[in-house]
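These notes concern the structure reproduced below.
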Amino acid sequence: MSKIQVNKVFGHLTRSNKKIVVEQGGTRSGKTYNIILWIIFYYCTNNTGKTITIARKTFPAVRSSVMRDFLEILKGADLYKEDNHNKSNSEYQLNGNLIEFISMDQPQKIRGRKRDLAFLNEANELTMEDWQQIVFRTNGRIILDYNPSDTYHWIYDRVIPREDADFYQTTYRDNPFLDPTIILEIERLQETDEHYWRVYGLGERGTNRAQVFQFTTIQQVPSTAKFLSYGLDFGFTNDPSALVRCYQEGNNLYFEEMLYSTNLTNQDLSRRFTDIGIGRYEEIYADSAEPKSIEELHRMGWTIKPTTKGVDSVNAGIDMLKRYKIHIVGSNLMKEMENYRWIEDKNGNLLNKPEDKWNHLIDAARYGVYNKLSKPNYGRYAIR
């Protein structure tokens, strides 16, 4: 067996004593390959009788990436044994350890046996639910790797800040075995695509210049934040009715997703308000384009009012929200915030107008705080 060649990722895993190790890196930094090397030549050498899970979002991706690399490394080191390879179950026995390759679209395997080590390859493809299922069933270490192409992701807010997590960032420069022609191609990104250079060259979080809002996701609103109002955007068949609870503390706005559902009549909404625990005197600001629905809910006993609308009220509301640091609670609200974009023209120039999609909860948030935080523009729908 020839001497293996490793880079700093191997060292990260060897030195870390934390339950979770996060390897964020640009393209060709060697993070995935070195994690597999560490599993084979360090973990499986120093342990026996352990169960190791290597996973990606889909099984075709598992087969064409991490499984292929794993088998190539074993064969290159003359360690591969046909009898140890259960191809039908995608498992391999190494030094008395069981290594299984699974995907997140195999729920019976995710919720199956407990594991001692889990490696989540391209972890940014996974959902928070996928992550929780792995955490619940892993007794030992969990390793994640990914290219940080997402502007926002649950890994950034829910995993990296944990006290039991080590975070490492690598780039192609940390891979001493990279062919010079590949290095040249990566470095050309500096001149051709700033976003790709940041993500795939420098291994830094992606930034989408068309994204309207910057925000952070949180588990719950701080108890010290002051309640402002509720915001309601009406929907029915294709668009959901969306309700947001709004808070403020200093320069921080907090938006908590309370309702996101289609096919709700006004009577249904009233019942949901009761279930949520909205007080009869707590203000709800709703889309002023729905005066009939607002009046019906008002007659049912709710303190609901039309939001202020004037010339260019959407952009005015966006401008007001952007003066604050935005914190959100709720998965649908997070998806909207991630996907709410400025319109781009055919030349890639941003227009001062947002796309009319991914905006139901965002509109509700805008309605909920605009009348509370801006000077009223006394028009047709002004609240006096």
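The values are calculated or read from the model by the stated rules, or taken from the named source; none is laboratory data. Since we're looking at a predicted model, the values are computed, not measured. Cβ: placed from backbone, ideal geometry, glycine included. Neighbour counts: every protein chain shown.
List of remarks:
- Among (1) surrounded by 14 or more Cβ atoms within 10 Å (Cβ to Cβ); (2) under 21 Å from residue 372 (Cα atoms); (3) in contact with a Lys or Arg (Cβ under 8 Å, 6 or more places away or on another chain), the one test that residue 225 misses: (3)
- Residue count, segment 43-75 (criterion: without any contact (Cβ under 8 Å) to a residue 40 or more places away in the chain, surrounded by fewer than 18 Cβ atoms within 10 Å (Cβ to Cβ) and either among the small types (Gly, Ala, Ser) or touching a helix residue (DSSP H, G or I) at 6+ places or on another chain (Cβ under 6 Å) (or both)): 2
- Residue check, residue 199 hydrophobic (A, V, I, L, M, F, W, C) and in contact with a strand residue (DSSP E or B) (Cβ under 6 Å, 6 or more places away or on another chain): no
- In segment 76-125, residue farthest from the chain's Cα centre (by Cα) [restricted to those that are surrounded by 17 or more Cβ atoms within 10 Å (Cβ to Cβ) and of a type in the set (Phe, Trp, Tyr)]: 92
- Candidates 330, 250, 277, 317 - the one that is touching an Asp or Glu at 6+ places or on another chain (Cβ under 7 Å), of a type outside the set (Phe, Trp, Tyr) and within 25 Å of residue 217 (Cα to Cα): 330
- Filtered residue count, segment 228-277, keeping only those that are crowded, with 20+ Cβ neighbours inside 10 Å, assigned to a strand (DSSP E or B) and out of contact with any helix residue (DSSP H, G or I) (no Cβ under 7 Å at 6 or more places or on another chain): 4
- Residue that is surrounded by the most Cβ atoms within 10 Å (Cβ to Cβ), among those in segment 328-372 that are of a type in the set (S, T, N, Q) and not in a helix (DSSP H, G or I): 359
- Some residue of segment 283-292 being farther than 19 Å from residue 257 by Cβ, surrounded by 16 or more Cβ atoms within 10 Å (Cβ to Cβ) and not aliphatic (A, V, I, L, M): yes
- Residue in segment 118-130 that is more than 24 Å from residue 4 (Cβ to Cβ) and part of a strand (DSSP E or B) present: no
- Lone qualifier among 125, 72 - being assigned by TED's automatic domain parsing to the domain that holds residue 40 and at pLDDT below 95: 125
- Top-ranked residue of segment 215-236 - restricted to ones that are among the aromatic types (Phe, Trp, Tyr) and without any contact (Cβ under 8 Å) to a residue 60 or more places away in the chain, ranked as nearest to residue 281 (Cα to Cα): 227
- Candidates 325, 375 - the one that is exposed (fewer than 15 other Cβ atoms within 10 Å of the Cβ), under 30 Å from residue 223 (Cβ atoms) and at pLDDT below 90: 375
- Residue in segment 185-198 that is surrounded by fewer than 16 Cβ atoms within 10 Å (Cβ to Cβ), part of a loop (DSSP other than H, G, I, E, B), more than 26 Å from the chain's Cα centre (by Cα) and of a type outside the set (A, V, I, L, M, F, W, C) present: yes
- Condition met for residue 173 (at pLDDT 95 or above and part of a strand (DSSP E or B)): no
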